[in-house]
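Comments concern the structure below.
The values are calculated or read from the model by the stated rules, or taken from the named source; none is laboratory data. Since the model is a prediction, treat every value here as computed from it, not as a measurement. Because the Cβ atoms are built from the backbone with ideal geometry, glycine has one as well, and the counts that use them run over all protein chains shown. Note: areas computed on protein heavy atoms with side chains; ligands, DNA, RNA excluded. Shrake-Rupley method; radii C 1.70, N 1.55, O 1.52, S 1.80 Å.
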Amino acid sequence: MNVKVNFNGTLVEDARLSVFDHGFLFGDSVYEVVSTHRGRPCFLPEHLRRLRQSAEGIHLDLPFEDSWLKNELGRTLEAGGFPESYIRIVVTRGEGEIDIDPSSCGRPNVLIYVTAPKGYPLEYYEKGINVAMVSVKRNWRESLNPGIKTGNYLNNVLAKMEANRMGAQDAMMLNVSGCLTECTTSNLFWVREGSVFTPSLSCGILAGITRDAVIKLAGENGFPMEEGEWPAEILDKAQEVFLTGTIKKIMPVTRLDGKPVGDGRTGPVTRRLMRLYDDLLNRFYGSEPS
Ligand code: PLP
């Protein structure tokens with residue numbers, strides 16, 4: 001695997017984390033995934049803000065200033081030398097006793113991974129994907145709040161495995177009240193009569209950075225946009241469905257549980273938003289890095 005790893009400010013060839021790190025033992029960590037466009041990290045201030053919010057959400061003091069992280073990220077990107085990069089920033093609780101209580105943990109460990117993005121097959125964007133409604137429920141907000149991006153993703157791992165068994169590319173999860181939430185690593189949108197809908201944060205979802213950008217783009221381009229709490233059946237009337245995420249960007253969903261959404265093809269609103277999102281990235285990160 002060609003991955004550059006920055007471990008607490010040092011670029012290490014063969015990075016190893018302690019078996020006593022609570023990130024490993026208890027999933028006690030926070031993280032962000034950042035993509036690049038023309039070699040530049042996209043929405044970095046937004047990702048760093050969310051990393052801080054996630055850390056606050058689990059009462060973890062980040063042991064660095066944003067300027068330090070940006071500098072280390074720059075060094076790691078340079079060492080990677082990939083035309084485009086997949087960036088993963090992980091902060092763990094650190095090494096401690098084999099005990100759920102984190103008070104024995106010393107300093108958090110800060111890791112920055114940089115590698116070439118794997119991406120998704122072009123076909124997914126042209127023809128759309130099949131998403132399965134799975135039986136696994138999204139974590140309830142009062143248990144492990146999905147709004148906090150922690151390293152504890154077992155909820156989503158189980159949902160993804162269920163989707164794999166159903167032959168689908170991703171899993172859609174309901175919350176315990178039966179309302180639509182999100183997919184395993186992406187936010188959910190659908191379109192009906194030209195209006196765009198997405199579950200509200202109150203449903204228990206991650207406040208996706210791509211989700212935010214798409215909500216703004218929809219508003220600026222005259223698409224009525226509604227956030228709310230809806231049961232799964234609302235999707236029976238959807239003419240288009242799509243997912244958003246840092247790596248996926250905007251990905252059309254043309255089948256739900258194997259059944260076609262609308263006419264079974266990527267719809268015009270989804271296509272328009274895909275173009276608008278690409279334009280946005282080109283506008284902000286368009287020129288080659290100096
Ligand atoms: N929802 C979940 C559960 C995620 O893990 C992710 C991204 O990893 C998203 C939504 C999309 O968020 P973003 O657009 O910030 O990548």
Subject >> Candidate set: the range 199-257, residues that are away from the ligand (no atom under 16 Å from the Cβ) and of a type in the set (Gly, Ala, Ser); chosen: the one nearest to VAL134 (Cα to Cα) >> reply: ALA232
Original post:
Looking at ARG255, ARG265, ARG272, which one is over 22 Å from MET172 (Cα atoms) and at pLDDT 95 or above?
Top reply: ARG272
Subject >> Check on SER18, within 21 Å of the chain's Cα centre (by Cα) and of a type outside the set (Lys, Arg) >> reply: no
**OP:** Determine the pairs where a residue that is among the acidic types (Asp, Glu), located within the range 1-26, has a partner that is open to solvent by less than 40 Å² (accessible area, probe 1.4 Å) with Cβ atoms under 6 Å apart, the partner being 6 or more residues away or on another chain.
**Re:** ASP21/THR92
Original post:
Could we say that GLU233 is open to solvent by 10 Å² or more (accessible area, probe 1.4 Å) and either under 18 Å from ARG138 (Cα atoms) or touching a residue at least 12 places away in the same chain (Cβ under 8 Å) (or both) here?
Top reply: yes
Original post:
All but one of (1) within 13 Å of the ligand (Cβ to nearest atom); (2) within 17 Å of the chain's Cα centre (by Cα) hold for VAL136; which doesn't?
Top reply: (2)
Subject >> Top-ranked residue in the range 105-143 [being under 29 Å from LEU201 (Cα atoms) and among the β-branched types (Val, Ile, Thr); ranked as surrounded by the most Cβ atoms within 10 Å (Cβ to Cβ)] >> reply: VAL131
Subject >> Residues being open to solvent by 20 Å² or more (accessible area, probe 1.4 Å) and either touching a residue at least 40 places away in the same chain (Cβ under 8 Å) or closer than 14 Å to GLY151 by Cβ (or both) - total across the range 92-104 >> reply: 6
Original post:
Among all residue pairs at least 6 apart or on different chains, which show Cβ distances below 7 Å where the first residue, located in the range 166-192, is outside the structural domain of PRO268 (by TED's automatic domain parsing) and the second is surrounded by fewer than 24 Cβ atoms within 10 Å (Cβ to Cβ) and in a loop (DSSP other than H, G, I, E, B)?
Top reply: none
Subject >> Residue in the range 193-223 that is farthest from ASN139 (Cα to Cα), counting only those that are charged (D, E, K, R) and in a helix (DSSP H, G or I) >> reply: GLU220
Subject >> Some residue of the range 17-27 being farther than 19 Å from ASN152 by Cβ, assigned by TED's automatic domain parsing to the domain that holds ASN109, in contact with a Gly (Cβ under 7 Å, 6 or more places away or on another chain) and open to solvent by 70 Å² or more (accessible area, probe 1.4 Å) >> reply: no
Original post:
Looking only at residues in the range 244-290 that are polar (S, T, N, Q) and part of a strand (DSSP E or B), which one is nearest to LEU44 (Cα to Cα)?
Top reply: THR244
**OP:** For residues that are away from the ligand (no atom under 13 Å from the Cβ) and under 16 Å from ASP28 (Cα atoms), tally how many sit in the range 139-188.
**Re:** 1
**OP:** Hand me the list of strands (runs of 3 or more DSSP E) wholly inside the range 123-190 holding 1 or more residues that are of a type in the set (D, E, K, R).
**Re:** 170-174, 180-183
Subject >> Lone qualifier among LEU44, LEU25 - being out of contact with any strand residue (DSSP E or B) (no Cβ under 9 Å at 6 or more places or on another chain) and either over 29 Å from ASN282 (Cβ atoms) or within 16 Å of the ligand (Cβ to nearest atom) (or both) >> reply: LEU25
Original post:
Which one is modelled with the lowest pLDDT, of the residues in the range 187-204 that are touching a helix residue (DSSP H, G or I) at 6+ places or on another chain (Cβ under 8 Å) and open to solvent by less than 50 Å² (accessible area, probe 1.4 Å)?
Top reply: GLY194
**OP:** Determine whether LEU217 is touching a Phe, Trp or Tyr at 6+ places or on another chain (Cβ under 7 Å), assigned by TED's automatic domain parsing to the domain that holds GLU126 and closer than 24 Å to SER35 by Cβ.
**Re:** yes
